[in-house]
1. Residues with amide H under 5 Å of I112's amide H, sequence separation 5 or more or different chain, H placed in the peptide plane at 1.01 Å from N; which?
2. Just grab the label-to-label distance for S19 and F111, each label 7 Å out from Cα along the Cβ direction, in nm (one decimal).
3. Which of V101, V139, I112 sits closest to the plus end of the dipole of segment 84-198, meaning its Cα is farthest towards the positive end, when Lys and Arg get +1 and Asp and Glu get -1 on the C-beta?
4. At most 16 other C-beta atoms within 10 Å and a DSSP loop state: those are the exposed chymotrypsin sites (Phe, Trp or Tyr not before Pro) I care about. Give me the longest piece of the chain that has none.
5. Which whole-Hz couplings ³J(HN,Hα) result when phi for each residue of segment 171-183 is put into the Karplus expression 6.51 cos²θ - 1.76 cosθ + 1.60, θ = phi - 60°, listed in order with x for Gly and Pro?
6. Can you give me the C-alpha center-to-center distance between segment 166-196 and segment 44-108, rounded to a whole angstrom?
7. Can you compute 3J(HN,Hα) from phi for each residue in segment 81-97, using the Karplus curve 6.51 cos²θ - 1.76 cosθ + 1.60 with θ = phi - 60°, rounded to whole Hz and x for Gly and Pro?
8. Given 0.36 nm per residue, what is the gain on full extension from N141 to R82 after removing their alpha carbon distance, in nm?
Amino acid sequence: MNLSNRALLTAAQYVSALSYRDYRFMWMGTMSAGAADWALIVARGTLVFSLSDSSGLVGLVTFAAMAPLFFIPPFSGLLADRVDRRKLLTWIFAFQVITNVILAALAITGFIEIWQITVLSFVNGINRAAQMPTAQALVPNLVPSDKLINAVTLSSATIHGSRLIGPLLIAPLVLTVGTGWAFAMSGLLYALSMVLTMQIHTTS
């Protein structure tokens, strides 16, 4: 075996879990949702600072989005053990689409206020906190046990990769047409996550 073939084989082993169709759809869906999450963090902070000129309020809105991560996961994990995880994840992404459409509409029309952003940030945080354990619980249903470590590793990689992809996608929109359209882009990313999750055939 020559060097190039050996390198290809090694690379294939690192992403072997992606050879399973349902896992591949879930992986792409969580990557898209992660990008939407980080795009929202940047766009919300930009909008709040432009409205208030207060870094303290930026911190407050960001805290509202992050606070549910402390108390929602145990409940969503319990729920993921009781219902079909694929359907639960689909509904979570659907709620994310709705909240982003509302946020985008308020920002584009100019009827946006700090308290509205804070409330919608908190709702987004609840959905995000529910999404993470549900997606993690779904992984073992989509790959055989000998591929589980690889699948978990790839899923963790989406968390870090999405931190770059999300802000990179919405930065041109924030700089040109405004944060409202950046929120719309985030909504599209969540919609893509919802559609990809709906393609999963495995039930749990």
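Read-outs: derived from the displayed coordinates by stated rules, not from any lab. Quantities reported herein were computed from a predicted structural model and do not represent experimental measurements. With ideal geometry, Cβ positions are generated from the backbone for all residues, glycine too; neighbour counts draw on all protein chains shown.
1. none
2. Output for this residue pair reads 5.4 nm.
3. Most positive-ward Cα: V139.
4. With chymotrypsin sites (Phe, Trp or Tyr not before Pro) excluded where exposed in loops, the chain gives 112-204 as its longest stretch.
5. Along segment 171-183, the couplings run 4, x, 5, 4, 7, 10, 9, x, 5, x, 6, 5, 5 Hz.
6. First find each Cα centre; the distance between them is then 15 Å.
7. Result, ordered by residue: 7, 9, 10, 5, 5, 4, 5, 4, 5, 4, 5, 4, 5, 5, 5, 5, 4 Hz.
8. Additional length available on full extension: 19.8 nm.
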